[in-house]
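Everything below concerns the one structure shown next.
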Amino acid sequence: MDKDEMRAFMGRFMEMTTGAAVLGVVAVADRTGLFRELQGQGPLTLSEIVARTGFQRRYLEEILATLSAAEILIYAPEGESYCLPDEHAACLADESSPYFLAGWSQMVPALYGAIPGVVEACREGGGVPFSEFGDDMIEGIARSNGPGTRLMLTRKWLPAMPDVVGRLESGIRVADVGCGSGVAALTMARAYPNSEFHGFDVDASSLERARLAAQEQGAENVFFAQVDGGSIPSDPGFDFITTFDVIHDVVDPLAVLGQIRAALAEGGAYLMVEPQAGDDLEENLHAAGALTYALSTLHCMTQSLAHGGEGLGAAWGPGRAEQYCRDAGFGRFERLEVANPFNAFYRIGG
Ligand SMILES: C[S@@+](CC[C@H](N)C(=O)[O-])C[C@H]1O[C@@H](n2cnc3c(N)ncnc32)[C@H](O)[C@@H]1O
């Protein structure tokens, strides 16, 4: 046995363990609003933070110690102060920032609840259905995907299809399939008031959140309905259809892709956004790949297998995506030039 390799592995493993544990404390700081309290304040002492937040001193002391040791906060021993640097605040306190990451601290712990079900399914088959992941998962998805979508969708992603943007501005019928909490549909509805947006999803709780958000936004050109992607209406058809992180989750991807094709009006375009991954395991042997496979094992794949589905998995690359689209009857498949570390963007049609 190579002891150096073992020690190196122990170091890597303990880094993962530390991250997993610290993320739980990040979740506490996120949900209590502690990050927002520290944002833009510069260095503050424990007493000042207690006075600001009204939180229990002993809890704050331990939380601040965790976050300082993890270098999320900068601790200055001379003044015994804690500071959340602006760069970290953009990721943890400012939900309107495209760099906001704290949603992951809600989503990842929600995945851990699926472990017993995945263990059982691993032995017996089946899986953990979406409905068992609970509200933290739904909100976690919205808070992880939402900030990037709100900022980038109309500024960077859709402009990769200038003709579609022109049509959206003029006024067309659009469907977002697997709309979740409605972030993408609502973002487009706000940007393109002449167009009409229909968000479809199978999950009632997600749709409830979407409808509430539409109400709060006063959006009159967006409608949400509980419809399976395999049954979306095709008459009248839609000029533009989108799916954001959906196709790999569905029970029957080919059926959903086939129905999207059927529901696409003459000359319409379909934008499929999927996790950024290669087609083969060898291409995905890095940290982002590990994250994608882990999310897939504990959520994407299992919730599809729970319904006897295909369990496609989140890490499918452009080659397989194209094959599925061709099998569903699409003639056009093009990977769009959109710089994004998390997702791949495909324009599909015909
Ligand atoms: C990972 S979430 C993505 C949600 C949203 N598009 C986003 O980007 O935040 C996948 C969504 O697909 C929905 N979904 C899964 N299977 C579906 C199906 N067959 N038809 C419609 N929606 C489905 C789930 O309920 C969930 O809201």
Does region 154-170 include one or more residues that are out of contact with any Pro (no Cβ under 8 Å at 6 or more places or on another chain), at pLDDT 95 or above, under 25 Å from Phe342 (Cβ atoms) and near the ligand (Cβ under 10 Å from one of its atoms)?
no
Of the residues in region 54-63, those that are surrounded by 15 or more Cβ atoms within 10 Å (Cβ to Cβ) and assigned to a helix (DSSP H, G or I) come to Leu60, Ile63
Among residues belonging to region 69-115 that are of a type in the set (Ser, Thr, Tyr) and either surrounded by 18 or more Cβ atoms within 10 Å (Cβ to Cβ) or more than 29 Å from Thr292 (Cβ to Cβ) (or both), point out the one that is farthest from the chain's Cα centre (by Cα).
Ser81
Could you check, for region 135-158, whether at least one of its residues is touching a strand residue (DSSP E or B) at 6+ places or on another chain (Cβ under 7 Å) and outside any helix (DSSP H, G or I)?
no
Near pairs, Cβ below 6 angstrom, 6+ apart or cross-chain, from region 245-273 (of a type in the set (D, E, K, R)) to any residue that is away from the ligand (no atom under 11 Å from the Cβ) and at pLDDT 95 or above
Arg261/Ala328; Arg261/Gly329; Arg261/Phe330
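Which residue is surrounded by the most Cβ atoms within 10 Å (Cβ to Cβ), if the candidates are limited to region 246-302 and must be in contact with a Cys (Cβ under 8 Å, 6 or more places away or on another chain) and more than 13 Å from Leu312 (Cα to Cα)?
To start, the set of residues in region 246-302 that are in contact with a Cys (Cβ under 8 Å, 6 or more places away or on another chain) comprises 248-249, 257, 272.
Applying the additional criterion that residues be more than 13 Å from Leu312 (Cα to Cα) yields 257, 272.
Working: Leu257: 27, Met272: 25.
This residue is Leu257.
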List every residue pair whose Cβ atoms sit under 7 Å apart, with the two residues 6 or more apart in sequence or on different chains, where the first one lies in region 22-34 and is surrounded by 15 or more Cβ atoms within 10 Å (Cβ to Cβ) and the second, anywhere, is among the hydroxyl-bearing types (Ser, Thr, Tyr).
Val22/Thr66; Leu23/Ser105; Val25/Thr66; Val26/Ser105; Ala27/Ser105; Asp30/Ser105; Leu34/Thr53
If you take the residues of region 235-265 that are of a type in the set (Gly, Ala, Ser) and either farther than 15 Å from Phe330 by Cβ or assigned to a helix (DSSP H, G or I) (or both), which of them is nearest to the ligand (Cβ to nearest atom)?
Ala255
Which of the numbered conditions does Met272 fail, given that it passes all the others? Conditions: (1) within 14 Å of the ligand (Cβ to nearest atom); (2) assigned to a helix (DSSP H, G or I); (3) in the same structural domain as Pro159 (by TED's automatic domain parsing); (4) under 30 Å from Gly126 (Cα atoms).
(2)
Quick test of your reading of the structure: Thr66 fulfils all but one of (1) under 22 Å from the mean Cα position of the chain (by Cα); (2) of a type outside the set (A, V, I, L, M, F, W, C); (3) not in a loop (DSSP other than H, G, I, E, B). Name the failing condition by number.
(1)
Among the residues of region 282-297, is any in a loop (DSSP other than H, G, I, E, B) and out of contact with any His (no Cβ under 6 Å at 6 or more places or on another chain)?
yes
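If we scan region 175-192, do we find a residue that is more than 10 Å from the ligand (Cβ to nearest atom), touching a residue at least 60 places away in the same chain (Cβ under 8 Å), surrounded by fewer than 18 Cβ atoms within 10 Å (Cβ to Cβ) and assigned to a strand (DSSP E or B)?
Taking every residue of region 175-192 in turn, none turns out to be more than 10 Å from the ligand (Cβ to nearest atom), touching a residue at least 60 places away in the same chain (Cβ under 8 Å), surrounded by fewer than 18 Cβ atoms within 10 Å (Cβ to Cβ) and assigned to a strand (DSSP E or B).
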Which pairs turn up if I take residues in region 149-170 that are assigned by TED's automatic domain parsing to the domain that holds Leu271 and look for partners that are among the acidic types (Asp, Glu) and crowded, with 17+ Cβ neighbours inside 10 Å with beta carbon separation below 8 Å, at least 6 apart in sequence or on another chain?
Arg167/Asp239
Can you pull out the residues in region 206-232 that are near the ligand (Cβ under 10 Å from one of its atoms), surrounded by fewer than 17 Cβ atoms within 10 Å (Cβ to Cβ) and assigned to a helix (DSSP H, G or I)?
Ser231
Let me confirm something: among Glu78, Glu139, which residue is more than 28 Å from Leu312 (Cα to Cα) and either among the charged types (D, E, K, R) or assigned by TED's automatic domain parsing to the domain that holds Glu208 (or both)?
Glu78
Going by the conditions given, is Phe197 part of a strand (DSSP E or B) and within 12 Å of the ligand (Cβ to nearest atom)?
no
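The values are calculated or read from the model by the stated rules, or taken from the named source; none is laboratory data. Only a predicted model underlies this, so the values are computations on that prediction, with no experimental measurement involved. Cβ: placed from backbone, ideal geometry, glycine included. Neighbour counts: every protein chain shown.
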